[in-house]
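Below you'll find the structure, written out as structure tokens, and then a few comments.
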Amino acid sequence: MIARQRLLIAGLIASGVSAVATSFAIYATGQQFLVSSFNQLLLEYLPGQFVAAVIQQFGDQALGLSLVFSGGVLSIILGGAAVAGYLIGQRVAPAYQWLVGTVGAMAAVFVPAFLIVGEASPVLGSVVIGGVIAAGFLHIPETNTGFSTERRTVVTALGGVVAFNVAAHAIGLVRREQTQRAESQLQEQAERAGAEVLLSTADDAALEADGLKPLISEIGAFYTVDINPSPPTIATDSWSLSITGLVETETELTYDEIREEETVHEYKAIRCLSDDIDGEQLDTAVWTGVKLGDVLEHAGPEGEYALLTGADEYFYSIPLSDLEESTLAYGMNGRELPVEHGYPVRMLVPDRWGKLHVKWLTDIEIIDDEEGGYWEERGWSGMGSVNAVTKIDQINRPDGQIQVTGHAYAGARGVDSVEVSLDGGDTWEGATLSEELPDPDTTRQWMFEFDPNDYDGDEFDMYARTIDGEGTEQPAERSDPFPDGATGWAHRTLNAN
Ligand SMILES: Nc1nc2c(c(=O)[nH]1)N[C@H]1C(S)=C(S)[C@@H](COP(=O)(O)O)O[C@H]1N2
Ligand SMILES: [Mo]
């Protein structure tokens, strides 16, 4: 006798895998494919941090990997249900074991499949195949007596199951061609899900306080700087990105071709060089796009700098070494990049002032020497790292306490801590920070609450400053934004009562 446990396991795997294969044969990678639906549920219910880590780790392969993982887990769930359903059915009606057992197996597959897809008819094929195969395997001991006949039956059954799965897989692959559209929708949804994961991670990381600027700025609230009164409007079908100059092959890429590169989602803050210490030209968003390094590979750049030009003739020359890790963004906060922020694509250069993030990008010319940029022609400088800045958003007074809230930014160095002084900068205390996000080139919120009765005097000469990720203190000395960015601590005078 072949051990009954082994038959149970064989029946479980054979019925689970076949139920999934049936769904694949019928729906290929469309929406109603069990694995697609299951995968989407996983994305929704797994902790945001975990999914973000997986996407960060595996990039574009994350979707494929998660489909394989979901397929495996789902096979075990459905196979397990089928076997359990058969055994229960068999117990309930011993006289009609085979019939009631099979119905029990089908019913048991139906429940999880229906819960996953949310519709009954798309899961019926999987229900029938999964139920029948489980029942077939579990029925073998009752119809066979001798070891060799039983063994032969099991081998035949397994052979049949393998043949079925090969055929179902082949049909699914053919049908997949037909469901390309559905698949690209799924891809788009997965992309959106990638951005949503970052948004929800930021939500979890954020501090809560009255008047505190959100960690991620809403699209309508994100500042804009445009050299023209209204942004250029560009249709994606007529838009292309040309890469010319010192390159192996001059190249022109369409919007679709750009989007074929590996997708990246990232947090990044943008701060304008003209932003004053107490200004409001600093915001963070979740950006979706591709790495510029991948795009440049199409042309094979052979110079030192790239001259980037937008549809409005705005331009900047940037060292190629900075561009490798730059992002060509086409999405913002899980949505298509808005017109005022550079639709169809904009640059994001790590650690640099906002002016380098050319919007409405149309041309990249590879050159040998630096050629400055639009604002350099108007006397500005500041081509290096952004200055650290500490903003005070709002001061609240809950139950006799004083609560100071704000946000801080220190480029790619990251914000390590924010310190507050109540005595004109003689002594400092650490503020509470929002949790660190995976990309340091982003803002962090801070909050400092104190009881004015614990301190002498009825007036506070308050300062706030940032210590960046390299341990450097934000310099105290005040300077104007022109020409290379504002410096100095944030300052308020507070009354104790
Ligand atoms: N093509 C183009 N890109 C541009 C600008 C512009 O006027 N035209 N303004 C720059 C400046 S000065 C800043 S601070 C940022 C602002 O980006 P945002 O409007 O998305 O906040 O875009 C930069 N990119
Ligand atoms: Mo700017």
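For the listed peptides 240-250, 416-426, a ranking on the average number of other beta carbons within 10 Å per residue, highest first, reads 416-426, 240-250. Between the range 222-295 and the range 322-393, the C-alpha centres lie 7 angstrom from each other. Against the chain, whose longest principal axis comes from its Cα atoms, helix 147-178 is set at around 40 degrees. Diffusion coefficient (Stokes-Einstein, Kirkwood radius over C-alpha pairs, 20 °C, 1.002 mPa s) for the range 1-135: 139 µm²/s, rounded to a whole number. For the range 282-414, the relative contact order comes to 23 percent (Cα pairs under 8 Å, sequence separation of at least 6).
With both residues required to sit in the chain, DSSP beta bridges show an antiparallel share near 95%. On C-alpha positions alone, give me the angle between the axis of helix 4-27 and the longest principal axis of the chain, in degrees, nearest 10. Helix 4-27 sits roughly 60 degrees off the main axis of the chain. In this structure, residue 451 and residue 219 have a Cβ-Cβ separation that, at R0 = 45 Å, corresponds to a calculated FRET efficiency of about 0.70.
Between helix 97-117 and the chain there is an angle of about 10 degrees, using the helix long axis and the longest principal axis of the Cα atoms. Total lysine pairs in the chain at Cα distances under 20 Å, for residues eight or more apart or on different chains: 8.
Sequence-distant contacts, meaning Cα pairs under 8 Å at least 6 residues apart, place the relative contact order of the chain at 13 percent. With contacts taken as Cα pairs under 8 Å at a separation of at least 6 residues, the range 3-99 carries a relative contact order of 43 percent.
Can you list the trypsin sites (Lys or Arg not before Pro) in the range 396-481 that are in a DSSP coil and have 15 or fewer other beta carbons within 10 angstrom? Answer by residue number: 478. Adding -39500 (n - 2.57) for every DSSP H run of four residues or longer, then dividing by how many residues the chain holds, sets the calculated 222 nm ellipticity at -13000 deg cm²/dmol. Near residue 268, within a Cβ-to-Cβ distance under 9 Å, what is the net charge of the other residues, with Lys and Arg +1 and Asp and Glu -1? Spelling it out: positives minus negatives among the neighbours equals -3.
No value in this document is a laboratory result; all are computed from the given coordinates. Everything numeric here is computed off the predicted structure, so don't read it as measured data. Please note: Cβ atoms are built from the backbone with ideal geometry, for glycine as well, and neighbour counts cover all protein chains shown.
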